[in-house]
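Only one structure is covered here, and it is reproduced in the block below.
The values are calculated or read from the model by the stated rules, or taken from the named source; none is laboratory data. The shown structure was predicted, so the numbers you read here are calculated from the model rather than taken from an experiment. Note that we place each Cβ from the backbone using ideal geometry, even for glycine, and neighbour counts take in every protein chain shown. Side chains are part of the model used for accessible areas, which takes the heavy atoms of the whole protein and leaves out ligands, DNA and RNA. Shrake-Rupley method; radii C 1.70, N 1.55, O 1.52, S 1.80 Å.
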Amino acid sequence: MDSEDDMHDANDSADDDFYSGGEAGLAASDDGDADYDFADHDSDDSAELLSHRQQQNYSILSEVDIKQRQEDDINRVSTVLSISKSEACVLLRNYNWSVSKVHDEWFADEDCVRKAVGLPEKCIEMPDDREVTCGICFESCPHGSMSAAACGHPFCSTCWRGYISTAINDGPGCLMLRCPDPSCAAAVGQDMINSLADDEDKEKYGRYLRRSYIEDNRKTKWCPAPGCEYAVEFVMGSGSYDVNCNCSYGFCWNCTEEAHRPVDCATVSKWILKNSAESENMNWILANSKPCPKCKRPIEKNQGCMHITCTPPCKFEFCWLCLGPWSEHGERTGGFYACNRYESARQEGAYDESERRREMAKNSLERYTHYYERWAANQSSRQKALGDLQSLQNEKLEKLSDIQSQPESQLKFIIEAWLQIVECRRVLKWTYAYGFYLPDHEHAKRQFFEYLQGEAESGLERLHQCAEKELQIYLEAESPSKDFNDFRTKLAGLTSVTRNYFENLVRALETGLNDVGPSTSHGTCSKSATSKSLGGKSKSSKNRASNTSSKSGGSTRGVDDGNIWTCDQCTFANPKSARACQACDRQHR
């Protein structure tokens, strides 16, 4: 294992990469007439993409794996330091299961380490008497029924079992158990636990020991999914922090929240806190209600006239507009649906501050609602896509194979499309949290962000519709369809194009949208070399006029025809100098 300092250094130099399987180039058609003319090796391509995606910077550990790794570390320390396995286990527990740190500290000052962890240099034997007095119950017991740690303090087996059982039932603190003698700090090793504790206590102790190996080790964590028993070993300094457990749950290694790349952990933390905070409730109350002039309880007016009666026990009647007593109102003040008192007072500026606060709260609430609804909608769509993917793998793929008379190995392009949909829904969801915290004054960055987000979402919607609606046609067919191969080509093409869109979006967000042009006075933003093509090409810079920026979450269709042309096949925006689409290689006409 690396030392903690090495892990810190590696962590600081982390170089993130996204979509490791997204470098499959698109094959161009010789005649350029096909709608989606990609390579026909779908099964091979899918397997290759899947193998690329499995080049992970982490390992998933089962309970068996944890036991084996723990035993290997104990054996390694025991062999190098020439000590027993029980003593090696005590050392590793005290140094957070870092083998390198144990070796460094031991060889630097063995005596100091022994004293700190409670390992006497020489094992002291119990008095060699026929009967020995127990130090807890003070009963004289036969020598054979007495036991002692390395310190030699004798206690009877009954007292030892009670002492050990109490410590184990108290929790993981039993792993640091010391001699019962108050003046002694000798460690009680696993060998004594195994020889003196009952089976139930030994099983509990073993679970605590395995938990300690994961929880005290900086390189390992438990999967945070409810009920999951897998652990993850992470290689610091290589790849992203996103982890996909064998239980199908994805999470961020750094903050253990749901996987959220390309959005950083700080933004996710603020977004989650905002979603659960009471501040939005107060904003809603402020924006949509007024306080009763008498009891001050907030009242929402959702219909009817301006004559309001507060609920019992208050029962105060007042005007909704000016909040004055209704007894002072009537036809002379405008009747039931108007209030000339309010209008005159407003012209004099009497209601400016309250109206301003209410308007600010309303605008803030509407902005938050806009982003939250789209965040939640993509979360819901992702959950639905996960369910559809599972159903496809368990039932529908076999059915489709029988109907179309094709082996399941030739249908992997469908699984690949659904995996892409699930991943893209996750990314798109978190881009709305990113957009919410994007400063309003950075207009060029916001335009660039909305452009990339719109293109990515438009491509995803086309892919999702094809995988969901058009696939259903072939699942309901009674015999092999002649145009199934055309569907295969189209779906594979949309999968690759969508992957390319999201690669561009993720790269841009991870670099802080630094590819925006320097000039913001003309409302122009550029999209530069971060948008690398899947085939190893680099995207040229693209300019887009400000008056064509899309609404967040919509497809950006309007572009400056003088600088950009839009591909008829995949709708990718290309620079004027490009003769072929940089996303799908279709020739520009």
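Could you list, in sequence order, the residues of the stretch 490-511 that are open to solvent by 30 Å² or more (accessible area, probe 1.4 Å) and either closer than 24 Å to residue 399 by Cβ or in contact with a His (Cβ under 8 Å, 6 or more places away or on another chain) (or both)?
490 - this is the single residue of the stretch 490-511 that is open to solvent by 30 Å² or more (accessible area, probe 1.4 Å) and either closer than 24 Å to residue 399 by Cβ or in contact with a His (Cβ under 8 Å, 6 or more places away or on another chain) (or both).
Can you name every one of the helices (runs of 4 or more DSSP H) wholly within the stretch 67-185 that holds 2 or more residues which are open to solvent by less than 70 Å² (accessible area, probe 1.4 Å) and farther than 19 Å from residue 205 by Cβ?
Qualifying helices (runs of 4 or more DSSP H): 99-108, 110-117.
Among the residues of the stretch 332-346, how many are modelled with pLDDT of 65 or more and either assigned to a helix (DSSP H, G or I) or under 19 Å from residue 285 (Cα atoms) (or both)?
Counting residues in the stretch 332-346 that are modelled with pLDDT of 65 or more and either assigned to a helix (DSSP H, G or I) or under 19 Å from residue 285 (Cα atoms) (or both) gives 1.
Looking at (1) of a type outside the set (Phe, Trp, Tyr); (2) buried (at least 17 other Cβ atoms within 10 Å of the Cβ); (3) not in a strand (DSSP E or B), which is the only condition residue 232 fails?
Only one criterion in (1) of a type outside the set (Phe, Trp, Tyr); (2) buried (at least 17 other Cβ atoms within 10 Å of the Cβ); (3) not in a strand (DSSP E or B) is unmet by residue 232, namely (3).
Exactly one of these conditions fails for residue 402: (1) among the acidic types (Asp, Glu); (2) open to solvent by 50 Å² or more (accessible area, probe 1.4 Å); (3) in contact with a helix residue (DSSP H, G or I) (Cβ under 9 Å, 6 or more places away or on another chain). Give me its number.
(3)
Test residue 224 against the criterion of being within 21 Å of residue 114 (Cα to Cα) and in contact with a strand residue (DSSP E or B) (Cβ under 9 Å, 6 or more places away or on another chain), and give yes or no.
So residue 224 does not fit the description; no.
Could you identify the single residue in 433, 467 that is closer than 17 Å to residue 375 by Cβ, of a type in the set (Gly, Ala, Ser) and surrounded by 13 or more Cβ atoms within 10 Å (Cβ to Cβ)?
Unique residue meeting the criteria: 433.
Pairs only if they're at least six apart or on different chains, beta carbon under 9 angstrom, first in the stretch 303-321 and under 14 Å from residue 289 (Cβ atoms), second part of a strand (DSSP E or B) and polar (S, T, N, Q); list them, first residue then second.
What qualifies is 318/309.
Scan the stretch 191-208 for residues that are more than 18 Å from residue 156 (Cβ to Cβ) and crowded, with 20+ Cβ neighbours inside 10 Å and jot them down.
Passing the criteria: only 205.
Looking only at the stretch 186-228, count how many residues are over 30 Å from residue 122 (Cβ atoms), within 27 Å of the chain's Cα centre (by Cα) and not in a loop (DSSP other than H, G, I, E, B).
Matching residues across the stretch 186-228 total 7.
What residue, among those in the stretch 472-489 that are of a type outside the set (A, V, I, L, M, F, W, C) and in a loop (DSSP other than H, G, I, E, B), is least open to solvent (accessible area, probe 1.4 Å)?
Within the stretch 472-489, the match that is least open to solvent (accessible area, probe 1.4 Å) is 481.
Report yes if residue 428 is in contact with a Lys or Arg (Cβ under 9 Å, 6 or more places away or on another chain), closer than 28 Å to residue 505 by Cα and either of a type in the set (S, T, N, Q) or open to solvent by 30 Å² or more (accessible area, probe 1.4 Å) (or both), otherwise no.
When the stated conditions are applied, residue 428 does not pass them.
When the stretch 404-431 is examined, which residues are found to be over 11 Å from residue 382 (Cα atoms) and β-branched (Val, Ile, Thr)?
Within the stretch 404-431, 414, 415, 431 qualify.
Name the pairs: first residue in the stretch 54-83 and farther than 16 Å from residue 105 by Cα, second residue assigned to a loop (DSSP other than H, G, I, E, B) and among the polar types (S, T, N, Q), Cβ to Cβ under 7 Å, at least 6 apart or on different chains?
From residues that are farther than 16 Å from residue 105 by Cα, the pairs are 55/20; 57/238; 60/246.
Yes/no matrix, rows are residues, columns are (1) open to solvent by 40 Å² or more (accessible area, probe 1.4 Å); (2) modelled with pLDDT under 85; (3) within 30 Å of residue 424 (Cβ to Cβ):
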{"site": "265", "(1), (2), (3)": "no, no, yes"}
{"site": "268", "(1), (2), (3)": "no, no, yes"}
{"site": "272", "(1), (2), (3)": "yes, no, yes"}
{"site": "275", "(1), (2), (3)": "yes, yes, yes"}
{"site": "305", "(1), (2), (3)": "no, yes, no"}
{"site": "324", "(1), (2), (3)": "no, yes, no"}
{"site": "348", "(1), (2), (3)": "yes, yes, no"}
